[in-house]
Amino acid sequence: MPTINEKLTEEIRTQAKALLANGTVAAVIGYSRGSLPMTVKPTVVRTAEDCGKLVWNSFCVLNLANYLPEVLKSVEPPRGPRDPKPEGPLAKVAVLATGCWSRNIVVQTQEHQVDPERVVVMGVASRGMVSRRKVEEQFAGREILTVEELDHDLVVKGADFEEKINRWSLVRDNCQTCTHPDPVLVDVRIGEPASERKNPNPFQQVDEIEGKSSEERWAWFTSEFSTCIRCYACRNACPLCYCPTCFVDDAKPQWVGKSLDAVDTGLFHLLRAYHCAGRCTDCGACESVCPMGINMRMLTKKLNKDVLNLYGVEAGMQPGSPLPLTTYATNDPQKFIVTEAKAVKEGV
Amino acid sequence: MISYLPYPVRINEIKVETEDGNLKTFKLVFENEAQRKAWKHVPGQFAMLSLAGQGEIPIGIASSPTEEGHLLFTVNRAGKVTTALHQMHTGERMGVRGPLGNGFPIDTDMKGKNIVIIAGGFAVTTLRATLIYLMEHRQDYGKITFIYGARTPGMLLYQDELQEWAKRDDVDLHITVDREAPGWDGLVGFVPTIAGQVAPSPGNSVALICGPPIMIKFTMPPLEKIGWTDDQVYLSLENRMKCGEGVCCHCNVGPTLVCKDGPVFTRTQVKKLPVEY
Amino acid sequence: MTSETNMTSETNETAPWEPKIIAFLCTWCSYAGADLAGVSRFQYPPNIRIVKVPCSGRVSENMILSALKSGADGILVSGCHPGDCHFISGNMFARRRFPLLSNLLEFVGIEPGRVSFSWVSASEGEQFAEIVKTVTERVKALGPATRLIKKIDQAA
Amino acid sequence: MKVFRLSQTELDSMVQGWSQNRRVYRPAAGRQQSAQADCAPGWERVAGSSPLTVATGPSKTSVKTFLFPQPETMQTYTLKSSDPDKGLLKEPEKTTGKQIIVGLRPCDARSVKLNNLPFREDPFYQASLARTVMVGFTCNTMCATCFCDQMGGSPMGTEGLDIAISQVDGTMIAEVLTPAGEELIADLSLTPAEDSDINALAERRKDCPQADSAKLDALKSRDLNKLYGAPVWQALGESCINCGACTFNCPTCYCFDVQDEVVRGQGRRIRYWDSCMFPLYSLHTTGHNPRGQKMQRTRNRFMHKLKYFPDRYGPFSCVGCGRCVQDCPVNIDIREVIHDLLAVE
């Protein structure tokens, strides 16, 4: 009896093969098997024969939308920076997408990074991706040699142990609190659609931090980001980060110092998160790729909460409408504005 | 042991070289007499110009070792440090670290040979140093041909000196500009074209070529046509650099470090490298 | 812009602490408002250092954080009233962005009141003076800024 | 060479003794929630009396942070106009006093030797090296990501260490290998190892995977341009996201950038880790970038480790610690890259 993931893998291979074989797309962005337990390699498949490489499992934590603009470019005929756009339709690219990844494709479309006409979304409903870090923490000090995935459990094996653990308990925090597991765009459906998840409070972790005093929050912030090594994996894994020159690389003026200074590191994370405001889909790629295990997602999650509360928008959920920070309403809240009337009233 | 500490120098004189004001020559004098005496460089080497609070930049040394007592650097305003440098005044302090790199083979491969110098744009700086050195040691070298082109007459560097050199009969000088310009009665045409017309035969000769990549690319065919080989042609590469001492790896072109193994390479050497410059 | 060198310690170290507040003022309204406050002799605390910007929409998070990093005790961003923007809607976009930034800063432990925003028109000299008083009092109550300020260590 | 027998208690009290008047660092246990203020991420300063144990495999972050600190002050200066020394760069105050690194693995110790090749004339690295004493633990087991034996090291290797501590059948055997190591134990009364201990250690060393680089050494003789043009780079470059997780956790990546920092009139010039994965690394001021494409940067890193560095200095610039394999967000595995390159004719 094949597992859910085996069935999905088979379906992905069949569909990808068909798309490539009949010339609908020139490339498929998916995952292939990794060299270590709990890893997968993002892979671009360009021939029907190579589709057998594609896999699907609970460790597909990187957001494939990240690769989309570049792969789209790679299937265009080569041209210089000043050459005109070639005539006629350009080749298409298929990409696997779960709920959050598809929302990122929507954001990329809204920001004109991706031409939606050229994208074939192979929609997979996400069952929640497993956090490799959570699994490793369960087996602290013991080396994990294989992890086998069943429908609802993981079988973790080492040199001298074998344990079966419930899968959901190891699913990433962002997936556990996710309410939109099903893709918002689907051109080719893989597996069954999932219904919206009810979550009484997706922002619980944020609320907990907000409940602290200013001193406690500062202590949390400085401690959480103190292990950062400035490798920028969080930035580079993010499908929202595509600026040709990142603000950390600006020299005139230089906004952020580049060494391991606590303030510079803090500023980097604050600014990176802020640049994702109104655009972040909480896909969790940043947190999953961090080699030091920093929970930088708390910052973007906080911004997501504010954007939802202030402007009623969740990124990527309304393909037709503009992004929340590229538009405005005449009656936007402005309680934060200092007025002289307030000065008199507060009498500070 | 490497020292990353720049020598303190003062700006003695600033000369605006070109009509667009983007190129200035800085005459630097050492604050410390012992350091001045210890400084020895060969034409083609570079140094790190250091501005406290801004950073360091690798710039070719425009003065010849024979011009004692000061160093000259002609700097194009482009990035953070060069912009700050262009805003400095005479008398202000800065730093120089070097000399760095290998320089042209003035004592080895060039000795006793005919020298052809081909320069385009502001890449002429280290070649100015070379020409002055050669003229000071005139008897050690054969025929000297100096070909130098700029976009417009106003973009030619070292104009006073060019006039001086033109008066000499032991240097074959060819100055050209890209297009006809009012008041210009010299050569008109791109450097490769002029080089094809005036370059001597390759027998017992070496060529030093510095300029934009596109110029170098088009200068080679006319030279090859009259028999020049890659071994006879010296080029100067540039890449982003940080340490200048072959440690930090920024300037690598394949296994070669431009700052340490170069910046001067024969064309044969360059051709063996990946095109990462 | 706000280079780190700007906030040099030329001030007298022994004098009682007075906050330094960086005010990013839109040139069309708030800067003119500040001008009017001066011309009309409305007194306001001398703690603000004005940076003139073309529009409150031009003030980026980079500028605000750079100012904090360089040691500003407070920040005031002020632009035209909604509807009055010289560029039609610059301040409307700013109004969407600013609460997100100030909330985020509070979220990581920057004290509320360090970063303030206001609308001041060219005719509101008195109001400008009042707002500067409010903001200065607030920052004074918080004391010198200690968080997110870059310090460098001179040893290797 | 002196060889001693140690119990856990003796080891603990020895390390605590050192920490009384010297800075002693050890790998942080488990995932570090918060880095210590005076210590690089992934490491902690030994204080108090917690027993010294080190998890299997290399530490989370490499030992290079102690020899090639991130950042390192190169010069200091003032920009205050009132100061006659305005703009004059000066050598920074030298850090003095020994630092003792306890619990590093043979791979990391070997990386210190390898980095010493490009840094042999570097005053800062040499100064750090001179004041660092390394007390390493050899490995009884190799992790699935370890491949030190293939890169010319060995899990029981001692190269680069001052004291090597090995676990043999429940006892610890300390080999004191250098004068710096001897200085550390000079005032201690330790139990000399029995001949049987020494034999058991030699036996263990003989049985463990040996440095065997014959297969990989074949790479060194391959033509540079053929490797450069190998088909493997295209796919690798496509999946690489060009972050610096590999380079910053790599013990043998040693590139640095130099920058000036000024705060309130006081300035310093620092060097800090850079990564050839970043576009800024090779960007010219003109806007031209010799390695403008992602693939070119990915290629440069592997070519540097496996071809450019050996061409220049001899050995590969890799010790097989496996950190990049573990930390790569997209599972680029250097062992697979080597495998693919060996297939290039």
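The values are calculated or read from the model by the stated rules, or taken from the named source; none is laboratory data. Computed from a predicted structure; not experimentally measured. Please note: Cβ atoms are built from the backbone with ideal geometry, for glycine as well, and neighbour counts cover all protein chains shown.
Structure above, values below:
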{"read-out": "Sole exception among (1) closer than 24 Å to D:Thr247 by Cα; (2) within 14 Å of chain A (Cβ to nearest Cβ) for D:Thr53, by number", "value": "(1)"}
{"read-out": "Matching residues in the stretch A:1-24 - criterion: being aliphatic (A, V, I, L, M) and within 24 Å of the chain's Cα centre (by Cα)", "value": "A:Ile4, A:Leu8, A:Ile12, A:Ala16"}
{"read-out": "Any hit, the stretch C:93-114, residues being in contact (Cβ under 8 Å) with a residue 60 or more places away in the chain and either hydroxyl-bearing (Ser, Thr, Tyr) or more than 26 Å from A:Lys258 (Cα to Cα) (or both)", "value": "no"}
{"read-out": "Enumerated helices (runs of 4 or more DSSP H) restricted to the stretch A:208-289, each holding at least 1 residues that are crowded, with 22+ Cβ neighbours inside 10 Å and within 11 Å of chain C (Cβ to nearest Cβ)", "value": "A:214-224, A:262-275"}
{"read-out": "The one condition in (1) under 21 Å from C:Ala94 (Cβ atoms); (2) touching a Gly at 6+ places or on another chain (Cβ under 7 Å); (3) within 14 Å of chain D (Cβ to nearest Cβ) that A:Val307 fails to fulfil", "value": "(3)"}
{"read-out": "Residue match in the stretch A:145-152 (condition: more than 14 Å from chain D (Cβ to nearest Cβ) and among the β-branched types (Val, Ile, Thr))", "value": "no"}
{"read-out": "Strands (runs of 3 or more DSSP E) contained in the stretch D:166-278 and holding at least 3 residues outside the structural domain of D:Val133 (by TED's automatic domain parsing) and surrounded by 15 or more Cβ atoms within 10 Å (Cβ to Cβ)", "value": "D:256-263, D:266-273"}
{"read-out": "Meets criteria (part of a helix (DSSP H, G or I), touching a residue at least 24 places away in the same chain (Cβ under 8 Å) and surrounded by fewer than 24 Cβ atoms within 10 Å (Cβ to Cβ)) for C:Ala141", "value": "yes"}
{"read-out": "The listed residue being more than 14 Å from chain D (Cβ to nearest Cβ), touching a Pro at 6+ places or on another chain (Cβ under 9 Å), crowded, with 20+ Cβ neighbours inside 10 Å and of a type in the set (Ser, Thr, Tyr), out of A:Ser58, A:Ser102", "value": "A:Ser102"}
{"read-out": "Qualifying residue in the stretch D:235-246 (condition: closer than 21 Å to A:Trp255 by Cα and more than 7 Å from every other protein chain (Cβ to nearest Cβ))", "value": "no"}
{"read-out": "Helices (runs of 4 or more DSSP H) completely within the stretch D:58-155 that count 2 or more residues being on the phi < 0 side of the Ramachandran plot and within 14 Å of chain A (Cβ to nearest Cβ)", "value": "D:64-67"}
{"read-out": "Filter result for the condition that a residue is surrounded by fewer than 23 Cβ atoms within 10 Å (Cβ to Cβ), in contact (Cβ under 8 Å) with a residue 60 or more places away in the chain and not assigned by TED's automatic domain parsing to the domain that holds D:Asp257, over D:Leu104, D:Leu117", "value": "D:Leu117"}
{"read-out": "Residue list for the stretch C:1-44, filter: modelled with pLDDT under 55, among the acidic types (Asp, Glu) and part of a loop (DSSP other than H, G, I, E, B)", "value": "C:Glu10"}
{"read-out": "Tally of residues being facing another protein chain (nearest Cβ under 8 Å), out of contact with any strand residue (DSSP E or B) (no Cβ under 9 Å at 6 or more places or on another chain) and either in a helix (DSSP H, G or I) or aromatic (Phe, Trp, Tyr) (or both) across the stretch D:285-308", "value": "4"}
{"read-out": "The one condition in (1) crowded, with 21+ Cβ neighbours inside 10 Å; (2) under 28 Å from D:Pro92 (Cα atoms) that B:Met1 fails to fulfil", "value": "(1)"}
{"read-out": "Top-ranked residue in the stretch A:320-342 [being closer than 21 Å to A:Thr300 by Cβ and more than 9 Å from every other protein chain (Cβ to nearest Cβ); ranked as surrounded by the fewest Cβ atoms within 10 Å (Cβ to Cβ)]", "value": "A:Ser321"}
{"read-out": "Candidates C:Gly109, C:Gly143, C:Gly113 - the one that is within 7 Å of another protein chain (Cβ to nearest Cβ), of a type in the set (Gly, Ala, Ser) and on the phi > 0 side of the Ramachandran plot", "value": "C:Gly109"}
{"read-out": "Extreme residue, farthest from the other protein chains (Cβ to nearest Cβ), among residues of the stretch B:226-267 that are under 20 Å from the mean Cα position of the chain (by Cα) and among the hydroxyl-bearing types (Ser, Thr, Tyr)", "value": "B:Tyr234"}
{"read-out": "Flag if B:Asp231 is in a helix (DSSP H, G or I) and either surrounded by fewer than 13 Cβ atoms within 10 Å (Cβ to Cβ) or out of contact with any strand residue (DSSP E or B) (no Cβ under 9 Å at 6 or more places or on another chain) (or both)", "value": "yes"}
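Quick grid of which residues meet (1) within 14 Å of chain D (Cβ to nearest Cβ); (2) modelled with pLDDT of 95 or more:
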{"site": "B:Tyr7", "(1), (2)": "yes, yes"}
{"site": "B:Glu17", "(1), (2)": "no, no"}
{"site": "B:Gly21", "(1), (2)": "no, no"}
{"site": "B:Ala34", "(1), (2)": "no, no"}
{"site": "B:Ile59", "(1), (2)": "yes, yes"}
{"site": "B:Gly79", "(1), (2)": "yes, no"}
{"site": "B:Val96", "(1), (2)": "yes, yes"}
